[in-house]
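The values are calculated or read from the model by the stated rules, or taken from the named source; none is laboratory data. Bear in mind the structure is a predicted one, so any value in this text is a computation, not a measurement. Cβ: placed from backbone, ideal geometry, glycine included. Neighbour counts: every protein chain shown. These area figures cover heavy atoms from the full protein model, side chains too; ligands, DNA and RNA do not enter into them. Shrake-Rupley method; radii C 1.70, N 1.55, O 1.52, S 1.80 Å.
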Amino acid sequence: MPSEMPSAMPSALPTILLLAVPLAAALSAGLILRLRPLLQRYALARPNARSSHTVPTPQGGGIAVVTAFVTISGLLIAAPEIGGRPDWIWLAGCALALALLGAVDDIRPLPAALRLAVQALVVGLLVWHVDGRLLPGLPLWLERGLALLAGLWFVNLTNFMDGLDWMTVAEIVPVAGALLLFGLAGRLPPLPTLVAASLLGAVLGFAPFNRPVAKLFLGDVGSLPIGLVTAWLLCQLALAGGLAAALLLPLVYLADASLTLSARAARGERVWEAHRGHHYQRATVNGLSVPGVVGRVFAANLALAALAAATLLWPSWPVTLAALAAGLALVAALLRRFARAPAPAPAEGAAQP
């Protein structure tokens, strides 16, 4: 059972939650330093139809990110102020399962049907063990089925959007940071707040190695479990009364991936094949530098986090509708900007596979 949201946060809890960030960051960075020689030898990502980088670059940084996230959250969950150990066990186990799937796929690409089947099994197990109802007017089987589809899509869109140096950092750092702040303000239960803090730290530890021009990529071993954990966190936020906030926080990813894949499907293209049709990828083709793209995504995500916070601070229909409208307008403007980017001489910068 998930931990209940406290009416007043225990005095030791903020310290525990904040401690998770530097601990996870240090462990993630330390593991990367140890693993890089092996990844350089055995896990090179070679340029393909989806990537923008031109030279083989080691991938597998997600090994360190996922290990740091699971280790630090697993250690700190022992604190009695956190609670929710069974939920953490399911989350950590499912994240590790997707990390294993991604690691195998990074080394030897698997058939799309097999990848999707394993992902559906893992996401389904996690969905089944999520307590609470978002749509109580629907039959439980239908709600769980919709949650399975949503979770499966979020896992894959996180993977699809991990195609540029610092892109995942520009997305996950603002989202996880906002969730941590929401938890510290008492708007999110302790367990998901700890998960957000550990994820934030783990991604921050990876960030220096992925800055343009990247020396290391996440790989599917990182993007798949990061997508799963983020989807679980957003579900927990929605269950805690923050449905609008849960929709606003990932809106850049949701809009870019959903619009791109819908357009490709309408054209009869194979949506599961590698491509460079996302708005953020088109922006680099059209002349924006990699830092210019991820900087705009990061700024947009900060603005979306502020709008999400407004829906939690002033929970009313006028505020919620205004925040959602503002978020949609912001993301629409960003994607239009990417699609029509100016064409100066492109700055050098590798992009992830």
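Carbon and sulfur atoms: what percent of the 1.4 Å accessible area of the chain do they account for? Carbon plus sulfur share of accessible area: 69 percent. Note on Ser258: accessible area approximately 40 square angstrom, rounded to 10, probe 1.4 Å, nucleic acids and ligands left out. Once C-alpha pairs closer than 8 Å and six or more residues apart are averaged by separation and normalised to the residue number of the range 12-243, the relative contact order reads 37 percent.
Cα-based Rg of the range 145-260 per 2.2 N^0.38 Å, rounded to two decimals? Mind dumping the intermediate values first?
Details: Rg = 13.7 Å, N = 116, 2.2 N^0.38 = 13.4 Å.
That works out to 1.02 for the range 145-260.
Of the residues Trp232, Thr320, Gln119, the one whose Cα sits farthest toward the positive end of the charge dipole of the chain, with +1 on the Cβ of Lys and Arg and -1 on the Cβ of Asp and Glu, is Gln119.
For the range 12-243, the per residue solvent-accessible surface stands at 39 Å², with DNA, RNA and ligands left out and a 1.4 Å probe. Approximating the spin labels as points 7 Å out from Cα along Cα→Cβ, the Leu75-to-Ala266 distance works out to 5.0 nm.
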